[in-house]
1. I need every pair where a residue in region 21-40 that is part of a strand (DSSP E or B) has its Cβ under 6 Å from the Cβ of a residue that is of a type in the set (G, A, S), sequence separation at least 6 or different chains.
2. For the condition touching a strand residue (DSSP E or B) at 6+ places or on another chain (Cβ under 9 Å), modelled with pLDDT under 90 and of a type outside the set (A, V, I, L, M), what is the one hit in D13, D39, D18?
Amino acid sequence: MSKTKSKEKKKEDPCWKDYHQVGTKKKEGKTVPNCVPKDK
């Protein structure tokens, strides 16, 4: 078995306050959450 870090979906959003995640994107060769401002 390989030791890969699996990120489980948590209740908490990985984005800042007033932002929400819309899929993922590539940044500097890594996959990161794509956070966009929440509509008010």
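1. As it stands, the answer is N34/G23, since those pairs meet every condition given.
2. Of the residues listed, the single one that is touching a strand residue (DSSP E or B) at 6+ places or on another chain (Cβ under 9 Å), modelled with pLDDT under 90 and of a type outside the set (A, V, I, L, M) is D13.
The values are calculated or read from the model by the stated rules, or taken from the named source; none is laboratory data. Computed from a prediction, not measured in an experiment: that's the story for all the values here. Backbone-built Cβ (ideal geometry, glycine too); neighbour counts: all protein chains shown.
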